[in-house]
Amino acid sequence: MSQEENHEIQEARAGYSTSGGTAKIGLASLTARELRALIREVVAETLAELNIQSHPETEAQTTPLEYPAHPNRAAMKKEIAVYKALHPELVQKYLGQYVAIYQGKLVDHDADPVTLHQRVIQKYSGKVVLSRKVQKDAEPVLYMRSPRLEPRL
């Protein structure tokens, strides 16, 4: 157990007491991190009391799995790097247009993304081709709007 987890447990115990084998916890005062640390400790203590060893396969199942990467992800990252490298030149020539980059080279451009996409599919079907709109910034900031949910009174 790390020192950080140990510290979180100690903080969490400030609102944790046992009497007659029943735990009383001031849950409202705990953060999510403190609560997780406390749960890990209680589970470990319970397993120790019952003399149960945790099984490595069980622990592996509870560990969150990394999202699987697409097999062509590395190729697409290369095309994105080429786009970033070519960006100053692309802005001068193709600002506001859509460009297609394949194997590190600019292969096509068009003002209409659908027309460009149709040509790319026709010429490079099944290949990794980056299609992007050329904007001032190589990596524009995306803003996502989300509703704010208020509790009912």
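If I ask for residues that are among the hydrophobic types (A, V, I, L, M, F, W, C) and at pLDDT 75 or above, which ones from the stretch 36-47 would you list?
The answer is Ala37, Leu38, Ile39, Val42, Val43, Ala44.
Can you name the residue in the stretch 107-117 that is more than 31 Å from the chain's Cα centre (by Cα) and surrounded by 12 or more Cβ atoms within 10 Å (Cβ to Cβ) and is also nearest to Leu90 (Cα to Cα) among such residues?
Filtering the stretch 107-117 down to residues more than 31 Å from the chain's Cα centre (by Cα) leaves 107-112, 115.
Retained after the next criterion (residues that are surrounded by 12 or more Cβ atoms within 10 Å (Cβ to Cβ)): 107-110, 115.
Details: Val107: 12, Asp108: 12, His109: 10, Asp110: 12, Thr115: 19 Å.
Result: His109.
Looking only at the stretch 114-151, count how many residues are in contact with a strand residue (DSSP E or B) (Cβ under 8 Å, 6 or more places away or on another chain) and in a loop (DSSP other than H, G, I, E, B). Write out each step before concluding.
Within the stretch 114-151, the subset in contact with a strand residue (DSSP E or B) (Cβ under 8 Å, 6 or more places away or on another chain) is 116-117, 119-120, 123-124, 127-134.
Imposing the further condition that a residue be in a loop (DSSP other than H, G, I, E, B) reduces the set to 127-129, 134.
The number of residues fulfilling the criteria is 4.
May I ask you to list the residues in the stretch 127-148 that are over 19 Å from the mean Cα position of the chain (by Cα) and surrounded by 10 or more Cβ atoms within 10 Å (Cβ to Cβ)? If the condition is that a residue be over 19 Å from the mean Cα position of the chain (by Cα) and surrounded by 10 or more Cβ atoms within 10 Å (Cβ to Cβ), then Lys127, Val128, Val129, Leu130, Ser131, Arg132, Lys133, Val134, Gln135, Ala138 are the ones that fit. Considering the stretch 68-106, the residues that are part of a helix (DSSP H, G or I) and more than 27 Å from the chain's Cα centre (by Cα) include one that is nearest to His117 (Cα to Cα), namely Tyr94.
Each residue in the stretch 123-140 was checked for being over 12 Å from Val82 (Cβ atoms) and among the β-branched types (Val, Ile, Thr), and 1 of them qualify.
Taken over the stretch 103-132, the criterion of being charged (D, E, K, R) and out of contact with any helix residue (DSSP H, G or I) (no Cβ under 7 Å at 6 or more places or on another chain) is satisfied by Lys105, Asp112, Arg119, Lys123, Lys127.
Of all residues assigned to the stretch 94-101, at least one qualifies as being of a type in the set (Val, Ile, Thr), more than 30 Å from Ile39 (Cα to Cα) and surrounded by 10 or more Cβ atoms within 10 Å (Cβ to Cβ).
The values are calculated or read from the model by the stated rules, or taken from the named source; none is laboratory data. Keep in mind it's a predicted model, so treat the numbers as computed, not measured. Note: ideal-geometry Cβ built from the backbone for every residue, glycine included; neighbour counts use all protein chains shown.
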